[in-house]
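Some notes on the structure that comes next.
The values are calculated or read from the model by the stated rules, or taken from the named source; none is laboratory data. Since the model is a prediction, treat every value here as computed from it, not as a measurement. Neighbour counts run over all protein chains shown; Cβ positions are idealised from the backbone, glycine included.
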Amino acid sequence: MDELFKLPVLLGILYSGIRLATPYLFAAVGETFAQRSGVLNLGVEGIMLMGAYSGFYVGMKSGNVWLGLLAAALVGILMGLLMSVISITMQAEQGISGIGLHLFGLGLSSLLFKTTLGSVESINGFKPVRIPILADIPYVGEVLFNHNLLVYAAFLLVPLSAWFLSKTTFGLKIRAVGQNPQAADTLGVNVIAVRYFCVCLGGMLAGIAGASLSIALINLFQENMTNGMGFIAVALVYFGGWKPYGVLAGALLFSFVNAFQLWVQVLGIKIPSDFAIMMPYVLTILALAFATKRAQQPAALTKPFERGEN
């Protein structure tokens, strides 16, 4: 157990935790936009799987990981559009629609994997980009400033999203649509268009989240490789009180605990492996139990909109 508290191991846990937060940040921030507009998308997991597959396959065949990332983003937008048609235009129950989208992504990614790849292969993904000067800072430099571009982009997305939601006119429209769509409609806001935009944006970021796994962090694709990450991302939105900085705090908490349990297994510390794997999820449940009591969700979340309703 003493090995866990040695400086190299602690720095390794911090480094791993920052890397592991990347897919959660992309997916959870995207879901934040969707939920702030009033749409709950439980299909994030399925979108991540399709993003992971398409990013990996296109990147491998083209030899260009940027094309793979673009493919993952486009697939995410298309799946977000599908969710929008079903839950916004057709007004199907959002929870059921999201589960259906998840199962669709899970099944299709598995089918495509078996028919186009057949076995687990690796790819030369995004390489770490060492930031000069900052990376030379003792101890923290290598931990914070020696990651691939998608890691930096995920963390930069948080302040940009917070600024967009709180400081821009369109951000105000998103929040208004999520709180009181009828009032927003009377003020000339196109509620349907705003919700479509937010769900498709969330889908795009979920697709990128999946690609961050397959072409940046793990550099391979296998069936069901997200292993519940999409559902954790949805939970992080609740944990973070529907605010990007709250989502960041939750993502870091979860990823650091996840990194801790991975290092416990690597060092061979005598803790049952099943218990170690369970730790991040138990922490998430406990955190949600306390976080949801103090957070106030968007008033129109999961509620369909029809013009003229009171």
**Prompt:** Out of all the residues in segment 36-50, which are within 28 Å of residue 215 (Cα to Cα) and either part of a loop (DSSP other than H, G, I, E, B) or small (Gly, Ala, Ser) (or both)?
**Reply:** 40, 41, 42, 43, 46
**Request:** Considering each residue of segment 208-235, count those that are hydroxyl-bearing (Ser, Thr, Tyr) and touching an Asp or Glu at 6+ places or on another chain (Cβ under 8 Å), and give that number.
**Result:** 1
**Prompt:** Failed condition for residue 61, given (1) without any contact (Cβ under 8 Å) to a residue 40 or more places away in the chain; (2) closer than 30 Å to residue 179 by Cα, with all others met?
**Reply:** (2)
**Request:** For segment 42-77, enumerate the residues that are buried (at least 24 other Cβ atoms within 10 Å of the Cβ) and farther than 23 Å from residue 156 by Cβ.
**Result:** 43, 45, 46, 49, 50, 53, 54, 56
**Prompt:** If residue 261 passes every condition in (1) under 30 Å from residue 61 (Cβ atoms); (2) touching a Phe, Trp or Tyr at 6+ places or on another chain (Cβ under 9 Å); (3) without any contact (Cβ under 8 Å) to a residue 24 or more places away in the chain; (4) not aliphatic (A, V, I, L, M) but one, which one does it miss?
**Reply:** (1)
**Request:** Only residues that are over 14 Å from residue 282 (Cα atoms), surrounded by 22 or more Cβ atoms within 10 Å (Cβ to Cβ) and among the small types (Gly, Ala, Ser): list them for segment 241-258, please.
**Result:** 251
**Message:** Can you confirm whether residue 193 is within 25 Å of residue 245 (Cα to Cα) and part of a helix (DSSP H, G or I)?
**Reply:** no
**Breaking point among (1) of a type in the set (Phe, Trp, Tyr); (2) more than 17 Å from residue 150 (Cβ to Cβ); (3) crowded, with 16+ Cβ neighbours inside 10 Å; (4) at pLDDT below 95, for residue 15** = (2)
**Message:** For segment 83-127, which positions are loosely packed, with under 15 Cβ neighbours inside 10 Å and part of a loop (DSSP other than H, G, I, E, B)?
**Reply:** 90, 91, 93, 118, 119, 120, 121, 124, 127
**Request:** Go through segment 213-229 and count every residue that is among the hydrophobic types (A, V, I, L, M, F, W, C), closer than 16 Å to residue 42 by Cβ and in a loop (DSSP other than H, G, I, E, B).
**Result:** 0
**Prompt:** Somewhere in segment 281-303, is a residue over 20 Å from residue 164 (Cα atoms), surrounded by fewer than 20 Cβ atoms within 10 Å (Cβ to Cβ), touching an Asp or Glu at 6+ places or on another chain (Cβ under 9 Å) and at pLDDT 80 or above?
**Reply:** yes
**Message:** Name the single residue that is modelled with the highest pLDDT among those in segment 253-273 being of a type outside the set (A, V, I, L, M, F, W, C) and under 24 Å from residue 234 (Cβ atoms).
**Reply:** 255
